[in-house]
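A.B. asks: One structure, as structure tokens, below. Some questions next.
The values are calculated or read from the model by the stated rules, or taken from the named source; none is laboratory data. Model, not experiment: these values are computed from the prediction. Positions of Cβ are generated from backbone atoms using ideal geometry, with glycine treated the same way; all protein chains shown enter the neighbour counts.
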Amino acid sequence: MLLPFPFLSLLASIAAMFSTSLAANAGSFSDGGNTLISAMMMFVGNEEKVYILDKAEGNKAQINGHPAWGAVWDIASHQATPMDVRTNSFCSSGMHLPNGSYITFGGNGAIGPGGNIGSQLNSGGFSGAWDSQYQDFDGTRAMRILNPCANANDFASASCQWFDDPTILSLKSTRWYSAAEATGDGNVVIIGGFVNGGYVNRNYPNIDPLTEGNAANPTYEYYPPRFLATTSGLNAYAHTFLMPSGKIFVQANISTVLWDHENNIETPLPNMPGGVARVYPASGATAMLPLTPDNNYTPTIIFCGGSDMPEYNYGDYRFPYADTWNIPASQDCQRITPEPKDGSAPAYEQDDNMLEGRTMGQFIILPDGKLLVVNGALNGTAGYSSNGTLVTPQEGMPFGESLASGPVVIPAIYDPTAPRGSRWSNKGFDSSPIPRLYHSSAILLPDASVLIAGSNPNIDVNTSAFFPTTYEAEIFYPPYFSAMTRPAPIGMPKTLTYGGNPFNIIIPATSYAGSSNDAADATTVVLMRGGFTTHAMNMGQRHLQLNNTFTVNGDGSITLHVAQVPPNPNIFQPGPAFMFVNIRGIPSNGSYLIVGNGQVGTQPISPASVLPANIRVASASGSASRPSTTGVNDATGTGGTKKSSLGLIIGLVVGGIALIALVGTIIGVRLARRRAAAARFVPSSSRSTEFPGPDMLPAPDTIEPQEMRSSELGAFTPLALNDKRLLYHSFKLEHLPFR
Ligand SMILES: [Cu+2]
């Protein structure tokens, strides 16, 4: 559909303003301002706002008389504003909803200063219901919903704030480090997690691999609720990807399954080669490669880095059994196509090694179809330890509480379509002066730059630690920021459907240089969903290229005829996304839209869009003053302005001191289940005594240890439907702050 001309020209001038303001040094970092809270979790709410969550801790920023652990960051100004969050969002999972709201699941009990249990206890006395100083409530069953607002809205109104009231909306069981995956009908399945937390989700020897004496939560549930069920393994923050069939690809420890969550049927897939763990705390980078017409929208999942340390080293809930900061992270990359279109058996395929080993590396899919990896460390694992390790007391840990060492501060780009042996590059990239270790995050912004924030391997705020609580955000500019001209498409839609009539987008002649026919051939239209980022993951992150054809016009403008989303909501679940138009790999700004009908439920489906044939005009050409380019700044890093002495420290660590240590663990395992009131007051410093000491564990020769690595164990075990411990608060969707 064409827009009337005056409207077009207005849009074109707005777009032109945008494209000229985008000049930045490709491959460089710039200051992203102060996030006020440490950015453990983030998501992009719309074209104006990024929402940030931290754990409840002693941040200086205050809100309603207590330290803040929520904030909203303005994309244009880089200014953060505190937001009130009631429950402790420590290590939640999160996902979008079909209407563009975001929801987060679970967290930690209430804690106070020093990470100690909150002043008011849950019944049983092992976990906090509330803390008088930080004023956080128990978040272990919390479900928090946020309806993203923009500058035109009243941020003080309840509809722009977090809805966070476990008496109205809560999980059926306590979950910390659960996985979350959206389904094709807009539900979210919430999978596994700890009951109360720890370094890994097991005791040792591992004699009760399913529930670990009720400290592991091997169940799954749905939001909105449907029924109960479960997972297990080295399984915190399992990696989950919805497949076109509706099954969910799940990878945890070294096991892989395709899971039919409707019927709770698992189909085992091959184990991860080389014994490399990718889930927390090994924390490899993972992503679904772009879904394109060329690959027939067949998902391929890539895993890079993590750790291949022996399974014994993972220890137990309390701490690792080895000094992880001395153990190099994996450099290995593997790809798997879980549902091959040719009917062949799914298999892991060795991919190019990363340029260096990384734990806590994070893949950010870029609009041009390449993947950026940022953050992380050369050695060790995620997590922190206030308990030391089995072999080193906390006081002997060389990097404070951090279990990782050797920050990797240079991003790298992975090109999934390049020939093997040439897929990785960091040519021309600056290094960041800021280590981004445990509890860092990164997400694609609407201008196609990448926001990087957080890092806090500390139990509470510690700005003097070797790896301190970090509030400084940075923006990284991928190589396409070297382009002098970026596409400024007109007529980007606000909603898309599954199948149905195609729509038109206009590319003005000013958006490119050279032959119009060539530019049109080199144009793609993509949907990007950055997802909910935490713990080096972007839950729900997806890139989908829409089909398109074009009509080249005599004036050099190009009319793109663009297909709706393929008629299968499992390929791109309903909900928010940004649309970008790329010309020769140079993206436009992203334009916010909603895919689907905005509702939870079966999505309307129409036949796939039918596109007209291409029409070319050999004489037409673009009018941009310079051709677009994909070059980056030279290796000297012309864009870098923030080099500091920290770079020296990092160099030393990388170069051989190799490793120093960190450990830290972790937060307490508390077996008490959350119950109503009946709280009593007790001293708050007893946390570490809840861990059984090594001498209290069964001697290895008296028990047949079951290693975590067994993949014969069913990953999903239904929980008893009538389990009365699992309180379930009934609620109605219309009572929730949906738009
Ligand atoms: Cu965490």
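A.B. asks: Given the residues ASP154, ASP165, which is the only one that is free of Cβ contacts under 8 Å to residues at least 40 places away in the same chain, away from the ligand (no atom under 16 Å from the Cβ), surrounded by fewer than 19 Cβ atoms within 10 Å (Cβ to Cβ) and farther than 22 Å from HIS439 by Cα? Steps first, please.
C.D. replies: On the way: ASP165 fails: free of Cβ contacts under 8 Å to residues at least 40 places away in the same chain.
Sole residue among the options that is free of Cβ contacts under 8 Å to residues at least 40 places away in the same chain, away from the ligand (no atom under 16 Å from the Cβ), surrounded by fewer than 19 Cβ atoms within 10 Å (Cβ to Cβ) and farther than 22 Å from HIS439 by Cα: ASP154.
A.B. asks: Something else now. Can you find, within the range 175-185, the residue that is nearest to the ligand (Cβ to nearest atom) among those that are in a loop (DSSP other than H, G, I, E, B) and surrounded by 24 or more Cβ atoms within 10 Å (Cβ to Cβ)?
C.D. replies: This residue is TYR177.
A.B. asks: I'd like the residue in the range 252-291 that is touching a strand residue (DSSP E or B) at 6+ places or on another chain (Cβ under 6 Å) and either free of Cβ contacts under 8 Å to residues at least 40 places away in the same chain or β-branched (Val, Ile, Thr) (or both) and, out of all such residues, is farthest from the ligand (Cβ to nearest atom).
C.D. replies: Top of the filtered list is THR267.
A.B. asks: Okay, moving on. Test of understanding: among SER422, SER386, which residue is among the small types (Gly, Ala, Ser), within 24 Å of GLY274 (Cβ to Cβ) and touching a residue at least 60 places away in the same chain (Cβ under 8 Å)?
C.D. replies: Values: SER386 fails: within 24 Å of GLY274 (Cβ to Cβ).
Going through SER422, SER386 in turn, just one is among the small types (Gly, Ala, Ser), within 24 Å of GLY274 (Cβ to Cβ) and touching a residue at least 60 places away in the same chain (Cβ under 8 Å): SER422.
A.B. asks: Going residue by residue through the range 259-266, is there one that turns out to be among the β-branched types (Val, Ile, Thr) and either under 22 Å from VAL200 (Cβ atoms) or in a loop (DSSP other than H, G, I, E, B) (or both)? Spell out how you get there, then give the answer.
C.D. replies: Of all residues in the range 259-266, those among the β-branched types (Val, Ile, Thr) come to 265.
Add one more test, that the residue is either under 22 Å from VAL200 (Cβ atoms) or in a loop (DSSP other than H, G, I, E, B) (or both), and what stays is none.
No, the range 259-266 contains no residue that is among the β-branched types (Val, Ile, Thr) and either under 22 Å from VAL200 (Cβ atoms) or in a loop (DSSP other than H, G, I, E, B) (or both).
A.B. asks: Is it the case that the range 65-72 has a residue that's within 16 Å of ASP165 (Cβ to Cβ) and within 16 Å of the ligand (Cβ to nearest atom)? Spell out how you get there, then give the answer.
C.D. replies: As a first pass, look at the range 65-72 and keep what is within 16 Å of ASP165 (Cβ to Cβ): 70.
Within this subset, residues satisfying the condition of being within 16 Å of the ligand (Cβ to nearest atom) are none.
Taking every residue of the range 65-72 in turn, none turns out to be within 16 Å of ASP165 (Cβ to Cβ) and within 16 Å of the ligand (Cβ to nearest atom).
A.B. asks: Starting from the range 90-102, take each residue that is touching a residue at least 12 places away in the same chain (Cβ under 8 Å) and under 12 Å from ASN538 (Cβ atoms) and list its partners that are part of a loop (DSSP other than H, G, I, E, B) and among the polar types (S, T, N, Q), counting only C-beta distances under 7 angstrom and pairs at least six apart or across chains.
C.D. replies: Note: pairs meeting the criteria are SER93/SER178.
A.B. asks: Right, something else. Just the residues that are within 16 Å of the ligand (Cβ to nearest atom) and either of a type outside the set (S, T, N, Q) or more than 16 Å from the chain's Cα centre (by Cα) (or both), please, taken from the range 26-55.
C.D. replies: Of the residues in the range 26-55, the ones within 16 Å of the ligand (Cβ to nearest atom) are 37-42, 52-55.
Result: ILE37, ALA39, MET40, MET41, MET42, ILE52, LEU53, ASP54, LYS55.
A.B. asks: Could you list, in sequence order, the residues of the range 292-325 that are touching an Asp or Glu at 6+ places or on another chain (Cβ under 9 Å) and on the phi > 0 side of the Ramachandran plot?
C.D. replies: GLY305, GLY306
A.B. asks: What's the number of the condition TYR312 fails, among (1) surrounded by fewer than 18 Cβ atoms within 10 Å (Cβ to Cβ); (2) of a type in the set (Phe, Trp, Tyr); (3) touching a strand residue (DSSP E or B) at 6+ places or on another chain (Cβ under 8 Å)?
C.D. replies: In the conditions (1) surrounded by fewer than 18 Cβ atoms within 10 Å (Cβ to Cβ); (2) of a type in the set (Phe, Trp, Tyr); (3) touching a strand residue (DSSP E or B) at 6+ places or on another chain (Cβ under 8 Å), TYR312 misses (3) alone.
A.B. asks: Sticking with this structure for a sec: Tell me the residue from PHE399, PHE467 that is part of a loop (DSSP other than H, G, I, E, B), modelled with pLDDT of 95 or more, within 16 Å of the ligand (Cβ to nearest atom) and not small (Gly, Ala, Ser), please.
C.D. replies: PHE467
A.B. asks: Would you say TYR438 is under 30 Å from GLY107 (Cβ atoms) and either out of contact with any helix residue (DSSP H, G or I) (no Cβ under 6 Å at 6 or more places or on another chain) or crowded, with 22+ Cβ neighbours inside 10 Å (or both)?
C.D. replies: So TYR438 fits the description; yes.
A.B. asks: Out of contact with any helix residue (DSSP H, G or I) (no Cβ under 9 Å at 6 or more places or on another chain), of a type in the set (Gly, Ala, Ser) and either closer than 15 Å to LEU445 by Cα or within 16 Å of the ligand (Cβ to nearest atom) (or both): which single residue out of ALA563, ALA536 fits that description?
C.D. replies: Of the residues listed, the single one that is out of contact with any helix residue (DSSP H, G or I) (no Cβ under 9 Å at 6 or more places or on another chain), of a type in the set (Gly, Ala, Ser) and either closer than 15 Å to LEU445 by Cα or within 16 Å of the ligand (Cβ to nearest atom) (or both) is ALA536.
A.B. asks: So which residues in the range 158-174 are modelled with pLDDT under 90 and assigned to a loop (DSSP other than H, G, I, E, B), if there are any at all?
C.D. replies: Correct list: ASP165, PRO166, THR167, ILE168, LEU169, LEU171, LYS172, SER173, THR174.
A.B. asks: A further question follows. What's the number of the condition GLY598 fails, among (1) surrounded by fewer than 21 Cβ atoms within 10 Å (Cβ to Cβ); (2) in contact with an Asp or Glu (Cβ under 8 Å, 6 or more places away or on another chain)?
C.D. replies: Looking at each condition in turn, GLY598 falls short on (2).
A.B. asks: Which condition from (1) within 29 Å of ASN568 (Cβ to Cβ); (2) crowded, with 24+ Cβ neighbours inside 10 Å is the one that TYR512 breaks?
C.D. replies: Of everything listed in (1) within 29 Å of ASN568 (Cβ to Cβ); (2) crowded, with 24+ Cβ neighbours inside 10 Å, TYR512 misses just condition (1).
A.B. asks: Name the residues in the range 493-537 that are closer than 19 Å to LEU371 by Cα and hydroxyl-bearing (Ser, Thr, Tyr), would you?
C.D. replies: THR523, THR524, THR533, THR534 - these are the residues of the range 493-537 that are closer than 19 Å to LEU371 by Cα and hydroxyl-bearing (Ser, Thr, Tyr).
A.B. asks: Output yes when any residue across the range 504-522 is more than 20 Å from TYR592 (Cα to Cα), out of contact with any helix residue (DSSP H, G or I) (no Cβ under 8 Å at 6 or more places or on another chain), modelled with pLDDT of 95 or more and assigned to a loop (DSSP other than H, G, I, E, B), and no when none is.
C.D. replies: yes
A.B. asks: If you don't mind, another one. Cβ-Cβ below 7 Å, separation at least six or inter-chain, first residue in the range 46-64 and closer than 13 Å to CYS91 by Cα, second polar (S, T, N, Q) and outside any loop (DSSP other than H, G, I, E, B): which pairs?
C.D. replies: Pairs found: LEU53/THR104.
A.B. asks: What tally of residues in the range 367-385 results from selecting those that are within 16 Å of the ligand (Cβ to nearest atom) and out of contact with any Lys or Arg (no Cβ under 8 Å at 6 or more places or on another chain)? Please lay out each step first, then the result.
C.D. replies: Just the residues of the range 367-385 that are within 16 Å of the ligand (Cβ to nearest atom), to begin with: 375-377, 380-385.
Pick out the ones that are also out of contact with any Lys or Arg (no Cβ under 8 Å at 6 or more places or on another chain) and you get 380-385.
Going through the range 367-385 one residue at a time, the tally reaches 6.
A.B. asks: Same structure, new question: For the subset of the range 332-345 comprising residues that are surrounded by fewer than 18 Cβ atoms within 10 Å (Cβ to Cβ) and part of a loop (DSSP other than H, G, I, E, B), which member is modelled with the lowest pLDDT?
C.D. replies: Within the range 332-345, the first condition is being surrounded by fewer than 18 Cβ atoms within 10 Å (Cβ to Cβ), and the residues that meet it are 335, 339-345.
This time we only want the ones that are part of a loop (DSSP other than H, G, I, E, B), so: 339-345.
Working: GLU339: 98, PRO340: 97, LYS341: 95, ASP342: 95, GLY343: 92, SER344: 97, ALA345: 97.
Per the criteria, the residue is GLY343.
A.B. asks: Hey, another quick one. For the condition at pLDDT below 95 and within 16 Å of the ligand (Cβ to nearest atom), what is the one hit in GLY115, GLY124?
C.D. replies: GLY115
A.B. asks: Next up: Within the range 351-374, is even one residue modelled with pLDDT under 95 and not basic (Lys, Arg)?
C.D. replies: Taking the range 351-374 as the starting set, the residues that turn out to be modelled with pLDDT under 95 are none.
Scanning the range 351-374 turns up no residue that is modelled with pLDDT under 95 and not basic (Lys, Arg).
A.B. asks: From the list GLY388, GLY406, GLY428, pick out the single residue that is more than 16 Å from the ligand (Cβ to nearest atom) and in a strand (DSSP E or B). Give the derivation first.
C.D. replies: Values: GLY388 fails: in a strand (DSSP E or B); GLY428 fails: in a strand (DSSP E or B).
Just a single option satisfies the conditions, and that option is GLY406.
A.B. asks: For the range 369-385, name all the residues that are part of a loop (DSSP other than H, G, I, E, B) and buried (at least 24 other Cβ atoms within 10 Å of the Cβ).
C.D. replies: ASN375, GLY376, SER385 - these are the residues of the range 369-385 that are part of a loop (DSSP other than H, G, I, E, B) and buried (at least 24 other Cβ atoms within 10 Å of the Cβ).
A.B. asks: Can I ask one more? Would you be able to say whether some residue in the range 175-194 is modelled with pLDDT under 80 and more than 21 Å from LEU291 (Cβ to Cβ)? Give the steps one after another, and end with the answer.
C.D. replies: Filtering the range 175-194 for residues modelled with pLDDT under 80 gives none.
No, because not a single residue in the range 175-194 is modelled with pLDDT under 80 and more than 21 Å from LEU291 (Cβ to Cβ).
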